[in-house]
1. What ranking, highest mean first, results for peptides 75-83, 339-347 when packing means the other Cβ atoms within 10 Å averaged over each residue?
2. Tell me, in nm to one decimal, what length is gained between W215 and Q39 on full extension, where the rule is 0.36 nm per residue of separation less the Cα-Cα distance?
3. Calculated from DSSP H runs of 4 or more alone, at -39500 (n - 2.57) each and per residue, what is the 222 nm mean residue ellipticity of the chain, nearest 500?
4. Report ³J(HN,Hα) in whole Hz for each residue of segment 72-81, in order, from the Karplus equation J = 6.51 cos²θ - 1.76 cosθ + 1.60 where θ = phi - 60°; Gly and Pro get x.
5. Which whole-Hz couplings ³J(HN,Hα) result when phi for each residue of segment 296-304 is put into the Karplus expression 6.51 cos²θ - 1.76 cosθ + 1.60, θ = phi - 60°, listed in order with x for Gly and Pro?
6. If segment 247-359 were replaced by its equivalent ellipsoid, with semi-axes equal to the square roots of 5 times the Cα gyration tensor eigenvalues, what would those be, largest first, whole Å?
7. Whenever you get a sec, compute what percent of the accessible area on the chain sits on carbon and sulfur atoms (1.4 Å probe).
8. Below 13 angstrom from the Cβ of M156, what's the summed charge of the other residues (Lys, Arg +1; Asp, Glu -1)?
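The values are calculated or read from the model by the stated rules, or taken from the named source; none is laboratory data. The model shown is predicted, which means the values in this text are computed figures rather than measured ones. Cβ coordinates were reconstructed from backbone atoms using ideal geometry, including for glycine residues, and neighbour counts include every protein chain displayed. Surface accessibility is based on the protein's heavy atoms, side chains included, excluding ligands, DNA and RNA. Shrake-Rupley method; radii C 1.70, N 1.55, O 1.52, S 1.80 Å.
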Amino acid sequence: MIMHVGIVGAGLVARGYFAFLTQRGMTPKMWSPSGKSAQLVPVDAPLTVSGAIEGSFNLAYCTSANELTQNDIIILALPANGHRMVLDAIIPYLEAHHTLIMSGHLSFAALYLSKKLAERGVQLPIVVWSTTALTAKSPNAPTELRIGALRSNVDMAVIPAGESEQAKDLCIALFGDRFTLQDDLLTIALSNLNPQSHLAIALCNLTRIEKGELWHQNTNMTDKVGNFLEALDGERLAIAKAFGKQMRSQLDNFCLASGLKPKSTSDLYQMQVARGTDPIGPKDITTRYVLEDVPFGLVPTLYLARLAGVDAPLHQAGAAILAACYKRDFKQDNNLLDVLAINDIATLKRLVRDGFKRD
């Protein structure tokens with residue numbers, strides 16, 4: 001079955017999705033909201049893909065939000081700080097026949113979309129993934145893409161929950177059998193390990209990042225940094241428990257996925273080094289580890305902690321230290337949470353399953 005898919009974004013992951021879906025017989029088209037990413041790989045410059053996917057692909061682009069929504073399936077594949085702008089652009093064109101997938105969901109953007117659609121009297125399946133379906137890098141030039149991995153498992157949830165099984169079938173038809181259905185959006189939010197991991201990595205290597213040094217991320221996950229990350233993970237698990245959810249620790253997740261049994265978080269990262277996985281750490285102070293993951297990862301985590309009455313001093317202090325270093329109010333950078341105005345647990349628990357009701 002040929003499916004027409006609109007991909008919001010034209011960066012590395014979006015290009016990876018384009019190649020993957022094309023190889024599976026779909027007809028994807030990307031929309032670059034700013035146009036900058038599309039200029040890097042124009043339609044007359046084939047994209048050469050290597051790694052987990054091999055081949056040469058002629059990219060196709062939409063020129064507007066209206067053209068994008070001519071596709072029944074829409075995938076958001078762009079940083080969280082672009083979600084509000086993109087959602088505002090496409091909301092006027094979305095209808096009940098659409099399915100929207102948020103690849104790597106952050107900061108309850110799905111609830112923002114649900115709220116704005118309800119104001120229009122529209123409801124559609126909103127699918128959220130815990131992470132991206134693949135990893136991608138551009139090794140030498142924008143026209144080259146290396147797919148490092150096709151993830152074996154991606155947790156997902158759907159708003160409204162009644163659409164879950166059908167939405168899961170759609171995700172499998174698009175990307176293969178790699179999805180695990182979770183009960184609701186809150187489970188996806190609380191299982192996202194990137195914000196806490198990137199907090200530990202960024203704080204403990206900030207001078208390396210600022211000076212643009214060449215350094216390996218996993219090698220530098222030393223015992224002490226690993227201890228810090230374990231303590232952060234403990235806070236995440238405490239927040240989840242307060243919401244009645246039993247989540248796996250980062251260490252348990254790794255053991256389950258790899259079959260290995262590290263003794264500590266540091267040991268986990270050193271095992272990855274031994275297996276040849278040791279990516280270069282950020283070399284620019286504008287890294288998404290800070291500018292995306294603090295406002296759209298740590299700020300929502302702290303919001304959940306306050307709502308549940310759970311102390312999260314390490315998350316709080318880490319966010320505050322980075323805010324001081326950057327002279328920036330990261331809470332103000334989050335342009336989604338305040339719009340939702342959800343101030344009690346009962347309301348949040350209802351909305352993460354059912355979404356906002358149509359007026």
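1. Sorting 75-83, 339-347 by mean packing, highest first, produces 75-83, 339-347.
2. Working: separation 176, 0.36 × 176 = 63.36 nm, distance 3.00 nm.
Using 0.36 nm per residue and subtracting the Cα-Cα distance, I get 60.4 nm.
3. Numbers: 18 runs with 160 residues, N = 359.
Calculated at 222 nm, the ellipticity per residue is -12500 deg cm²/dmol.
4. 6, 10, 10, 10, 8, 9, 8, x, 4, 6
5. Values per residue, Gly and Pro as x: 9, x, 6, 4, x, 4, 5, 4, 5 Hz.
6. Numbers: eigenvalues 191, 94, 39 Å².
One finds semi-axes of 31, 22, 14 Å for segment 247-359.
7. On the way: 7850 of 15680 Å².
Summing carbon and sulfur atoms, their accessible area is 50 percent of the total for the chain.
8. Working: positive: R151, K168, R178; negative: D155, E163, E165, D169, D177, D183, D184.
Counting the neighbours of M156, the net charge comes to -4.
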